[in-house]
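Every number here is computed from the coordinates shown, using simple stated rules; none is lab data. All of these numbers come straight from a predicted model, not from anything done at the bench. Quick reminder, even Gly has a Cβ in these numbers, built from the backbone with ideal geometry, and neighbours come from all protein chains shown.
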Amino acid sequence: MSTNTVDNARKVTTRRLIEMKQRGEKISMLTAYDYSSARIIDEAGIDVILVGDSASNVMAGNVTTLPVTLDQMIYHGKSVMKAVKRALVIVDLPFGTYQGNSKEALASAIRIMKESHAEAVKLEGGAEIRESIERILCAGIPVCGHLGLTPQSINKFGTYAVRAREEAEAAKLVADARMLEEIGCFAIVIEKVPADLAARVAGEVSIPIIGIGAGGGCDGQVLVMHDMLGINRGFSPRFLRRYADLAGVMDAAVKQYVADVKSGDFPNDSEQY
Ligand code: KIV
């Protein structure tokens, strides 16, 4: 076995992500919400799997991430954890389970860790939720921050457009990132902000910055699996690179199956007992 193979088989931890940043090795992250997909992307070598609250959109068909519940996130997290051997698994704390007060935030994070067996949680926001993040960190639960476009605040923003183009919002983002680093978060997702701002933050903090629509200066990249595999055809923002057309593959396969059943071609003699 080559050294490279051994390294690739080694479990990814929060500490290892920080070492990757120090070495200048980019971090790959994708979302997953179920056992079968998580197994495929883990075996393909992804570094981090995010059980994102985007499950609300791509799994449940909701328009926003707001409706997904803690029980549903635990269900998805548990399914993913059963499949994953190498990647670090992070589960999103859903809307309404951590903004109220820090005790509630800790109780939500503990439920995720205990019931899904995930290895870290992600929360959206900066200074406003500092107390909640600190309390979760004090319990020994690793926290990934999320700044920039935070989809749980879509009703406040009123748009999914690029965030922090204005100086005041950019300055707050930089201050929030520094604060998240200082209190002990192991990484920060930065979503849909100008590339030079995300690169500046990545240069100023020692923890990995994982970008989505935040340019190539980040320490790693994250995409929603359904978007990059072309399962979710209706969503094509500029930042998205499609690596497959699974919707097309599925459509053709299902049409062929329907035709084969109708014509009596399926099952044939070798496909029956
Ligand atoms: O829920 C999610 O999928 C996310 C990514 C967009 C980073 O938070």
Using all Cα-Cα distances in the chain, what percent lands in each 10 angstrom bin from 0 up to the longest? 7, 28, 35, 19, 7, 4, 1, 0
Spatial extent of the stretch 3-82: Rg and Dmax, with the Cα atoms as the point set, Å: 14.6, 46
Can you sort H76, H146, H117 so the residue with the fewest Cβ neighbours within 10 Å comes first? H117, H76, H146
Taking θ = phi - 60°, what integer Hz values does the Karplus form 6.51 cos²θ - 1.76 cosθ + 1.60 yield along the stretch 51-61, in sequence order, with x for Gly and Pro? 7, x, 6, 5, 3, 4, 7, 7, 9, 9, x
Residues whose placed amide H lies under 5 Å from that of H146, excluding near-sequence neighbours: L123, G125, V189
Diffing the stretch 171-181: the Karplus 3J(HN,Hα) column from phi (6.51, -1.76, 1.60, θ = phi - 60°), in whole Hz with x for Gly and Pro, holds 5, 5, 4, 5, 5, 5, 4, 4, 5, 4, 5
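The stretch 120-273: Rg/Rh from Cα coordinates, Kirkwood Rh? Intermediate results must be reported in sequence, preceding the final value.
Working: Rg = 21.6 Å, Rh = 18.0 Å.
Using Cα coordinates only, the ratio equals 1.20.
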Over 30 Å between alpha carbons, listed pairs K122/K172; K11/K172; K26/K156; K21/K192; K82/K262: K11/K172; K26/K156; K82/K262
